[in-house]
1. Check T98, T75 and return the single one that is β-branched (V, I, T), within 16 Å of the ligand (Cβ to nearest atom) and farther than 24 Å from G138 by Cβ.
2. Could you list, in sequence order, the residues of segment 141-163 that are on the phi > 0 side of the Ramachandran plot and crowded, with 18+ Cβ neighbours inside 10 Å?
3. With the requirement that a residue be surrounded by fewer than 20 Cβ atoms within 10 Å (Cβ to Cβ) and among the charged types (D, E, K, R), what does segment 104-113 give you?
4. Taking segment 118-140 on its own, how many of its residues are part of a helix (DSSP H, G or I), out of contact with any helix residue (DSSP H, G or I) (no Cβ under 6 Å at 6 or more places or on another chain) and buried (at least 19 other Cβ atoms within 10 Å of the Cβ)?
5. Determine which single condition V223 fails, assuming it passes every other condition in (1) aliphatic (A, V, I, L, M); (2) part of a helix (DSSP H, G or I); (3) closer than 26 Å to Q150 by Cα; (4) within 17 Å of the chain's Cα centre (by Cα).
6. Name the residues in segment 160-186 that are within 16 Å of the ligand (Cβ to nearest atom) and of a type in the set (A, V, I, L, M), would you?
7. Can you find, within segment 149-160, the residue that is nearest to T75 (Cα to Cα) among those that are touching a residue at least 24 places away in the same chain (Cβ under 8 Å) and not in a strand (DSSP E or B)?
Amino acid sequence: MQLPPTIPIEAEPYPFEWTPAKCALLIIDMQRDFLEPGGFGEMLGNDVSQLRRTIEPNRRLLAAWRKAGLTVIHTREGHRPDLTDLPPAKKIRGRGTTCIGDVGPMGRILVRGEVGHDIIPELYPLPSEPIIDKPGKGAFYATDLQSILQHQGLTQLVVTGVTTEVCVNTTVREANDRGYDCLVPEDCVGSYFPHFQEMGLNMIKAQGGIFGWVTHSDRLVSVLS
Ligand code: TIU
């Protein structure tokens, strides 16, 4: 399928001038540790079922994106097995009885290589799709994401995943400061807290799109199909 070079996508606060050849789909942290019981999300006291409504819209968007031959990048939040990249402040935050690195039902919590750290099967990366392993909430901090985007001439990001107000917002802000235009499909991002979902999206699109644009994935999928 031949897409036009630039396509206006209905969005808030105003249409997003989508340039598919220069745009990556950046899927943030759709890991078992956040979406399934027994992982990091539940360890923090959250109801992980809140996030599962994002799986199907992400699956549809990812399928359409792949079919069009566009760039897909995945991220995972987590730490080295020896925990040398885990800030002591992050380890003790929350004063929980279990913490990052402890053994849970899906292996050691938020540790690379463990079952819980990996991406859910519904959205599993293809071998050709880079996975960015990040130690923080933002996908640019202490990763090679910016070099990958630069080498491929990418200037726009469609950002999806979890959670809206934590890793998605942090990444959109980091990307915005680096000059990337970010579009967030509201149905493809999720929060454990409905009011944070609403506010997390408002903060992106307010003030003339201070950090980026917000849309619905149907608008992208309909163009792609
Ligand atoms: N706690 C929470 O909402 N999120 C995180 O800790 N990480 C991500 O958002 N991925």
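The values are calculated or read from the model by the stated rules, or taken from the named source; none is laboratory data. Quick caveat, the model's predicted, so the values are computed rather than measured. With ideal geometry, Cβ positions are generated from the backbone for all residues, glycine too; neighbour counts draw on all protein chains shown.
1. Numbers: T75 fails: farther than 24 Å from G138 by Cβ.
None of the others qualify; the one that does is T98.
2. Within segment 141-163, the subset on the phi > 0 side of the Ramachandran plot is 142, 153, 161.
Passing the criteria: only G161.
3. Scanning segment 104-113 gives a single hit, R112.
4. Of all residues in segment 118-140, those part of a helix (DSSP H, G or I) come to 121-123.
Subset that is out of contact with any helix residue (DSSP H, G or I) (no Cβ under 6 Å at 6 or more places or on another chain): 121.
Still in the list and also buried (at least 19 other Cβ atoms within 10 Å of the Cβ): none.
Final tally of qualifying residues: 0.
5. V223 satisfies every listed condition except (4).
6. V162, V166, V168, V172, A175, V184, listed by residue number.
7. As a first pass, look at segment 149-160 and keep what is touching a residue at least 24 places away in the same chain (Cβ under 8 Å): 149, 152-160.
Checking the rest, the ones that are also not in a strand (DSSP E or B) come to 149, 152-155.
Working: L149: 14, Q152: 17, G153: 19, L154: 17, T155: 18 Å.
Per the stated criteria, the residue is L149.
Conditions tested, residue by residue: (1) of a type in the set (G, A, S); (2) farther than 22 Å from F211 by Cα; (3) at pLDDT 95 or above.
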{"residue": "F16", "(1), (2), (3)": "no, no, yes"}
{"residue": "T19", "(1), (2), (3)": "no, no, yes"}
{"residue": "C23", "(1), (2), (3)": "no, no, yes"}
{"residue": "N46", "(1), (2), (3)": "no, yes, no"}
{"residue": "T84", "(1), (2), (3)": "no, yes, yes"}
{"residue": "R93", "(1), (2), (3)": "no, yes, no"}
{"residue": "C99", "(1), (2), (3)": "no, yes, no"}
{"residue": "M106", "(1), (2), (3)": "no, yes, yes"}
